[in-house]
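Participant: Below are the structure tokens for one structure; questions will follow.
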Amino acid sequence: MFDTLASVMRRALVLGASIGFAVGLVTGLVGLAIAGGPGLASGLVGAVLTILFLGITALGLLVSGRVTRRGGTAAYAVLMLAWFVKLVVFVLVMVGLRSQPWVVPGVLLVSIVGTVIASLVVDAVVVGRARIPVTDRV
């Protein structure tokens, strides 16, 4: 049985979120040991924000897959819009978090980078194991 784009994206999203929460928990606990409560909050917030931003990409891919029937340009437009929204929201959130006294920048950075790397590994494994036909004549 072959996978669909939607099933692969859902699998990647669920596994990526699970791994992201695990990374957030680990970085939060390390942050707690280093900087107390603010370190814990920074680790957890970094992981949650990263999971949300990666979710926007997955949602954009799912929507663009549905729009593809109307033409390739519409699918690219949806995907580019999702990436643009993600960029703008990320910049606004980082500017807002910069001035918060409870943010430990090093823990936040490690949490974001760790979650992104773990999510990329999960995505590569999920896509590598997917069984998607390359032709309609199966």
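Just so it is clear, none of the values below were taken in a lab; they were calculated from the coordinates. What you see is a predicted model; the values in this text were computed from it and never measured. All Cβ positions, even for glycine, are placed from backbone atoms using ideal geometry, and neighbour counts span all protein chains on display.
Participant: By per-residue mean of other Cβ atoms within 10 Å, what is the highest-first order of 49-58, 100-109? Can you show the working numbers first?
Facilitator: On the way: 49-58: 19.0, 100-109: 15.8.
Highest-to-lowest ranking by the protection proxy: 49-58, 100-109.
Participant: While we're here: Go through region 112-126 residue by residue and turn each phi into a ³J(HN,Hα) via Karplus (6.51, -1.76, 1.60, θ = phi - 60°); whole Hz please, and just put x for glycine and proline.
Facilitator: Using θ = phi - 60°, the values come out as 5, 5, x, 5, 5, 5, 4, 5, 5, 5, 4, 4, 5, 5, 5 Hz.
Participant: If you don't mind, there's one more thing I want to ask. Within the set of other residues whose C-beta is less than 13 Å from the C-beta of L59, count the net charge using Lys and Arg as +1 and Asp and Glu as -1.
Facilitator: Taking every Cβ under 13 Å from that of L59, the sum is +3.
Participant: Follow-up. For the chain, give the magnitude of the charge dipole about the Cα centre (Cβ charges: +1 Lys/Arg, -1 Asp/Glu; no others), in debye to the nearest 20.
Facilitator: About 400 debye.
Participant: Also, I was wondering about something else. If packing is taken as the mean number of other Cβ atoms within 10 Å per residue, what is the order of 75-88, 35-48, highest first? Walk me through the numbers on the way to the answer.
Facilitator: Numbers: 75-88: 14.4, 35-48: 21.4.
Descending packing order for the listed peptides: 35-48, 75-88.
Participant: What number, rounded to the nearest 500 deg cm²/dmol, is the helix-based mean residue ellipticity at 222 nm of the chain, given -39500 (n - 2.57) per DSSP H run of at least four residues and division by all its residues?
Facilitator: Rounded to the nearest 500, it is -29500 deg cm²/dmol.
Participant: Using only Cα atoms, figure out Rg for region 83-125 and give it as a multiple of 2.2 N^0.38 Å.
Facilitator: 1.37
Participant: Read phi for every residue in region 80-93 and hand back ³J(HN,Hα) as whole Hz from Karplus 6.51 cos²θ - 1.76 cosθ + 1.60, θ = phi - 60°, with x for Gly and Pro.
Facilitator: 5, 5, 4, 5, 5, 4, 4, 5, 5, 5, 4, 4, 4, 5
Participant: Under a plain spin-label model, where a point goes 7 Å from the Cα along Cα-to-Cβ, how far apart in nm are V91 and L5?
Facilitator: Here the answer is 2.8 nm between the modelled labels.
Participant: A further question on this structure: How large is log10 I(q)/I(0) at q = 0.20 Å⁻¹ when the Debye formula is applied to the Cα atoms of region 5-129, each weighted equally and without solvent?
Facilitator: -1.05
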